[in-house]
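Some notes on the structure that comes next.
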Amino acid sequence: MASGRVDLDGNPIKPITICMIGAGGFIGSHLCDKLMNETPHKVLAVDVYNDKIKHLLEPSGSGELPWADRIQFHRLNIKNDSRLEGLIKMADITINLAAICTPADYNTRPLDTIYSNFIDALPVVKYCSENGKRLIHFSTCEVYGKTIGCFLPKDSPLRQDPAYYVLKEDASPCIFGSIEKQRWSYACAKQLVERLIYAEGAENGLEFTIVRPFNWIGPRMDFIPGIDGPSEGVPRVLACFSNNLLRREPLKLVDGGQSQRTFVYIKDAIEAVLLMIENPARANSQIFNVGNPNNEVTVRQLAEMMTQVYSKVSGESSLETPTIDVSSKEFLW
């Protein structure tokens, strides 16, 4: 663990206690790793599962518990557990990562999606506001909705103009699908919580930071159906494509694979989060889009790259038909 740590203004960083809701998930587990290895901070890790942080909770090979005095796991569901407020009171800052955030669930589990991303977040915001605790809330890049460019005709020369695809906080319209398109339940729930948090800050003095991840990727992110996850599940695009490659099946491109992604490696993204945690004066009342605009690809380009890499690494030849197009009605990740 580094000693003599200072913030961006050169001030010494004091150890704090962090209540991390969703600590057992993809982002939470990597953030716990970083906090334990590089900082003096303590973590109250809140989640239903702890599989991804077991290495921080169990004895090492020598029988020692290296992080025993700095990380505690609290198994609880924030939907209905009265212990939540007590944990928030014990901490200096609360980080809320709890969410249903797998696109395949938005159509099939819209109620769970709305409850998880909006209703269940309400008491977290309330307890932080009422007890004068700082909140870092994880939202999503999807709050922007669709870009104007996606509505242009396919043969329009304007499709080559990046101005129709760039998302600007104060200028871009928030375009969502109709109410019957339940795919947008996630984005709408997340955006409404953002508005609620912002209002709590304006009216009641809540200290907050909102984080919008743009396609963070890395270990522990997802599962391969039937291998290290449910056989009937549908993971995100990288795991979907990996599953297809391993099974020698064509990669499925929704509506031609023209949608765009800007991928960021999880350890790079977590660097940004730690800066937010340790620089409250700079981060309070701010919304941060954490992504890499220089790493943008279409889903079709991603499929082509993954096919080439897999063929090179495995030594197997590419399929005669490496990709197939499907409609969004048939398939969703």
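The values are calculated or read from the model by the stated rules, or taken from the named source; none is laboratory data. The shown structure was predicted, so the numbers you read here are calculated from the model rather than taken from an experiment. Glycine gets a Cβ as well: all are built from the backbone with ideal geometry, and neighbour counts include every protein chain shown. Heavy atoms of the whole protein, side chains included, go into the accessibility calculation; ligands, DNA and RNA do not. Shrake-Rupley method; radii C 1.70, N 1.55, O 1.52, S 1.80 Å.
The C-beta contact set for the range 116-135 (first residue in a loop (DSSP other than H, G, I, E, B), second residue surrounded by fewer than 19 Cβ atoms within 10 Å (Cβ to Cβ), distance under 7 angstrom, 6+ apart or interchain) comprises F118/L192; N131/K89. Restricting attention to the range 58-109, the residues that are in a loop (DSSP other than H, G, I, E, B), farther than 14 Å from A121 by Cβ and of a type outside the set (S, T, N, Q) total 16.
Collect the residues in the range 175-204 that are open to solvent by 30 Å² or more (accessible area, probe 1.4 Å), in a loop (DSSP other than H, G, I, E, B) and either touching a Cys at 6+ places or on another chain (Cβ under 6 Å) or not hydroxyl-bearing (S, T, Y) (or both), keeping them in residue-number order. Passing the criteria: F176, I179, E180, K181.
The set of residues in the range 284-294 being surrounded by fewer than 19 Cβ atoms within 10 Å (Cβ to Cβ) and β-branched (V, I, T) consists of I287 alone. Does E207 fit the bill of being touching a Ser or Thr at 6+ places or on another chain (Cβ under 8 Å), open to solvent by less than 70 Å² (accessible area, probe 1.4 Å), more than 23 Å from G291 (Cα to Cα) and acidic (D, E)? Taking the combined requirement at face value, the residue does not satisfy it. Taking every residue in the range 63-88 that is without any contact (Cβ under 8 Å) to a residue 40 or more places away in the chain and closer than 24 Å to S129 by Cα and pairing it with any residue that is open to solvent by 90 Å² or more (accessible area, probe 1.4 Å) and part of a helix (DSSP H, G or I), at least 6 positions away or on another chain, the pairs with Cβ-Cβ distances below 6 Å are L76/R83. Meeting the requirement of 2 or more residues that are among the charged types (D, E, K, R) and either touching a residue at least 60 places away in the same chain (Cβ under 8 Å) or touching a strand residue (DSSP E or B) at 6+ places or on another chain (Cβ under 9 Å) (or both), the helices (runs of 4 or more DSSP H) wholly within the range 238-330 are 266-278, 299-314. Picking from residues in the range 232-266 that are under 27 Å from H30 (Cα atoms) and in contact with a helix residue (DSSP H, G or I) (Cβ under 6 Å, 6 or more places away or on another chain), the one that is surrounded by the fewest Cβ atoms within 10 Å (Cβ to Cβ) is T262.
Looking only at the range 154-174, filter to residues that are among the small types (G, A, S) and more than 20 Å from I287 (Cα to Cα); which one of those is surrounded by the fewest Cβ atoms within 10 Å (Cβ to Cβ)? Steps first, answer last, please.
Here is the first cut: in the range 154-174, the residues among the small types (G, A, S) are 156, 163, 171-172.
This time we only want the ones that are more than 20 Å from I287 (Cα to Cα), so: 156, 163.
On the way: S156: 12, A163: 9.
My answer is A163.
Between A281, A269, the distinction of being open to solvent by 40 Å² or more (accessible area, probe 1.4 Å), modelled with pLDDT of 90 or more and of a type in the set (G, A, S) belongs to A281 only.
Which one is least open to solvent (accessible area, probe 1.4 Å), of the residues in the range 88-120 that are among the hydrophobic types (A, V, I, L, M, F, W, C) and over 16 Å from H137 (Cβ atoms)?
Result: A104.
Scanning the range 42-76 for residues that are at pLDDT below 85 and on the phi < 0 side of the Ramachandran plot turns up P59, S60, G61, S62, E64, L65, P66, W67, A68.
Checking the stated criteria, L57 turns out to be open to solvent by 10 Å² or more (accessible area, probe 1.4 Å), over 20 Å from the mean Cα position of the chain (by Cα) and touching a residue at least 12 places away in the same chain (Cβ under 8 Å).
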